[in-house]
Amino acid sequence: MNIIFQVEYATRWGEQLVVKSSLHPDGLPMACIDGVRWTLQLAQQKISGELRYKYALCKATGELEEEGGEWRTFSPQAADFPTVALSDCWRTGGDDALISSPYTSVLFGHSAKAGSDKTLSHHSCRLTIRASSIPRGRLLCVTGSDELLGGWDARRPLLMQPDARGVWQTGFTPGSRRQPIYYKYAIYDVEQQKIVGYEQRQNDRMLPPAEHSKAMLWRNDEIPDFGISAPRGAGVAIPVFALRSVSSYGVGQFSDLKLLADWAKKAGLSMIQALPVNDTSSTLTWRDSYPYSGISVFALHPLYLDLTPLAACLTPKQVEQLKAEQRQLNELPEVDYERVMQLKWKYIKLAYRKEKSVAFADDEYKKFFEQRKSWLQPYAAFCYLRNKHKTADFAEWEDFSTFSAPKIAALVSPDSPAYDEVAVHYYVQFLLHRQLKEASDYCRKQGIILKGDIPIGISRGSCDAWVAPELYNMDAQAGAPPDAFSATGQNWGFPTYNWSRMSIDGYSWWQQRLRAMSEYFDAFRLDHILGFFRIWEIPLHSVQGLLGYFSPALPLSVSELNRRGAWFDAERLCLPYIREHVLKELFGDEAHTVSQFFMEEYKAHTFRFKPKFDTQRKLEDFFAAQEGDSSALKSKLFDLLNDVVLIEDRRNPSYYHPRIAMHYTRSYRDLDEQQKQALDAIYLDFFYHRHNQFWKEQALQKLPAVRYATNMLVCGEDLGMVPSCVPEVMQQLGLLSLVIQRMPNDSSVEFAPLERAPRLSVCSPGSHDTSGLREWWEEDRSATQRFYSSVLHHDGEAPATCEPWIAREIIVQHLNALSLWAVFPLQDLLAIDGALRHKNPRAERINLPSNPHHYWRYRMHLTVEELLKQQKFSSEVRELVKQSGRWEG
């Protein structure tokens, strides 16, 4: 087959376009016809399967910059011609967000037509275009100068058909290709049977005369402009576990999402945003309430199973007992995680014994199992072994400490003595899948987008780490540098990703993970998207995050440090700075006692920790075994261990990173001014300039695999210490950023100006990691006053509490923002109603990021059924959405 690539792009002097493809991964140069039109012909190409290709700009500097969007694809089976001309438009990528599943499947869903490639393969002209905001009852069409395009007759256009990803296509074979064919895209009303709107462009589009008599022209046009802007939407955010319904069992469950969807539609909202729903059952205690530490990226959490359908498998006495326990748990103001999990597993096991033979013989179950057994069998084995050994630390699992496929196959075999203890996990995963799928399908039918959450990490004691430890750096832990949540940084405890290993198979682990998620969700929040640029990597011996550094990075050599005036001295700059005057400053009269017990004086007035106390982890273990409260002493000792100026790179010895916030260390304080100035310059460059291009390249290697694995809308959580390259990359890939008004990424302002929020963003007054609006209002009186005066533009003294009218004004500000989506914690929406909202603002807090052992147990104080009855409140929310011009669900 002969393939001709054609694209239009206005280059500058010294620039060159190339085509990168699965045939020629490094790219082939194109020839320029007139400074704008570029072409490349490949003769007699043998293509097995699908051809993937992309255009790229080779700049005068030699840097290669790919066009936006996913890889283009072409299948030889789609063309019954010896020559195919692929005529494309350069993609910028930013508008990809508008061709994602929320728009193509939920808000503007059209029935996708299967088999269209084969149907269109015999046409000599094929037109393909991406579009999303085409209302139901209307279709895209082509009208033009050729008779087959209707001869510009509004009642006789050529209709197009969409696929599931918002790509519309059609084909025709004109009687003659000797003259140009002029055409336009239009919107066709099915009921009126005529065109009701044309794309807004000054000139008609044109198909040039055919250069080959036996050639297909496949034209891929850019997104048309019909003067219809993509709708801005509004949504509600709440963890599934926080939902409360009459039929729930002490915790929110997947079936409750249907009730919430009913309320969201009533209130004019189009999105429900949840927290992660994967299984986190590691310790089998309340510590597993942390939803970001999954033991499997595929398995759903049994916590969310609705037990009501299992009642048919129970005796009348068991049903009566279940209802009694249900009433007790539903009366609690918060989730009792351990009691709920005990209840769920008690009745799951009873139902399994009664129903297993029938359930496993069901065709639906068989299909479920076959499609998922690659992860389901190892997961079920993991759960069995965790229970057997009473730990998720697989290093303690004796013969199973290292994953072995043959051993697991024997363990999960129906002939295995442990089969029932393994297979019960197949059973519960099937039930969870069915219930979440039912809720997801219901939401889509109601026009409600279900938005999930992808955690940045996995649990160290997880099935994922057990099965494929080579994908993770098990000798490190992920976290975050100091921020508004914690002055000592955050240590999440997760292993970091071995990106180089993941890249070998094109990041298939991520793609499989996202494809599994897309069965239930149409959008997702990508937790800590900055981790795809660089992650804050902390040594295993640290408890806090201050001794971490960004990875990957470009650490400093000793010669560079000396050349830039830092005068490297490993002992002075890299070891904890413990001098006699520092000990007296920290411990006062107790300095001698503390130093005698924990340290040794190895030089005059200079100390170091004794080997058994020389890491934070060793100190943590020591104090955990002591009686009484020694947190103040432990905190000061941690502070001493953090007191360094430079940190050696653990994978590149003799290369160094400036310690984050080094200016607050005593070690830095006691340096001479000349060395401080040199270190200041190095620090500023290192954290804000040195890595921009490097981190951009890192992200562009990884994020496309995440973005284009599915058609879900990707919303990145990009809060914190944001490199300057992040907005550019997110724009290029069509990823939405996050704007939280009181947590601006611009350090020069105290509150993010919502009127300047990027279009490709989600704005929100808070998140699960922040206090609610009402609690925040009372946290810092001076900040509240500044917000009241400069953001809400009110005179006088700010009210002591966030009164309903204040909450309403803040909600309206967010609704009026340019952001594509405004998503509100349910607690903040309820804040506009003085009668409905919780009496205690502090009871609405979901998480405290500064506490790594926080108990995630918040639950709505009213049921969703009660919420549905609040007509006045729902109508008020709907009216606010309507007045802002946002899409009404």
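The values are calculated or read from the model by the stated rules, or taken from the named source; none is laboratory data. Just so we're clear, the structure is a prediction, and the values are computed from it rather than from any experiment. Cβ placement follows ideal geometry from the backbone for every residue including glycine, while neighbour counts extend to all protein chains displayed. When the accessible area is computed, the model is the full protein with side chains, heavy atoms only, and any ligands, DNA or RNA have been set aside. Shrake-Rupley method; radii C 1.70, N 1.55, O 1.52, S 1.80 Å.
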Charge dipole (the chain, unit charges on Cβ, about Cα centre) - positive-most of Ser631, Val236, Thr801
Val236
Helix axis angle, 781-790 relative to the chain longest principal axis, alpha carbon, degrees:
30 degrees
Residue-level accessible surface for Glu879, protein heavy atoms, 1.4 Å, Å²:
80 Å²
Looking at the chain, what % of its DSSP beta bridges pair antiparallel, to the nearest 5?
60 percent
Helix 631-642: inclination vs the chain longest Cα principal axis, degrees, rounded to 10, gives 60 degrees
Given a 1.4 angstrom probe, I'd like the percentage of the accessible area of the chain that is carbon and sulfur, rounded to a whole number.
51 percent
On the full set of protein chains, 1.4 Å probe, figure out the accessible area of Asp80 and give it in Å² to the nearest 10.
90 Å²
Cross-link table Lys266/Lys344; Lys344/Lys390; Lys367/Lys445; Lys20/Lys702; Lys373/Lys702; Lys265/Lys366, entries beyond 29 Å C-alpha to C-alpha
Lys266/Lys344; Lys265/Lys366
Those aspartates and glutamates that a straight Cα-Cα span of less than 15 Å connects to Lys258, excepting residues fewer than 8 apart in one chain:
Asp306, Glu438, Asp441, Glu865, Glu866
In segment 476-561, with Lys and Arg counted as +1 and Asp and Glu as -1 at Cβ, which of these residues, Phe485, Tyr497, Ser508, has the Cα nearest the positive end of the dipole, that is, farthest along it?
Ser508
Return one number: the angle in degrees, 0 to 90 and rounded to the nearest 10, between the long axis of the Cα atoms of helix 673-688 and the longest principal axis of the Cα atoms of the chain.
40 degrees
Reachable lysines, given that their alpha-carbon falls under 30 Å from the alpha-carbon of Lys610 and they are not under 8 places away in the same chain
Lys584, Lys618, Lys634, Lys636, Lys676
In whole angstrom, how long is each semi-axis of the equivalent ellipsoid of segment 1-145, when you take the square root of 5 times every eigenvalue of its Cα gyration tensor and sort them from largest down?
28, 21, 15
Could you give each residue of segment 357-374 its phi-based ³J(HN,Hα) in whole Hz, using Karplus coefficients 6.51, -1.76, 1.60 with θ = phi - 60°, and x for Gly or Pro?
5, 6, 4, 6, 8, 5, 4, 5, 5, 4, 5, 4, 5, 4, 6, 10, 5, 4
Please work out the Cα convex hull volume for segment 496-611 and give it in Å³ per residue.
205 Å³
Result for the chain: accessible area per residue, probe 1.4 angstrom, in square angstrom, of 42 Å²
Please report the Cα spread of segment 119-267 along all three principal axes, rounded to whole Å, starting with the longest.
73, 29, 25
Volume per residue of the C-alpha convex hull in segment 636-731, rounded to whole Å³
151 Å³
Normalised per residue, the volume of the convex hull around the Cα set of the chain (Å³):
211 Å³
Checked against the positive end of the charge dipole of segment 360-434 (+1 on Cβ of Lys and Arg, -1 on Cβ of Asp and Glu, about the Cα centre), the farthest of Gln429, Ser404, Cys383 is Gln429
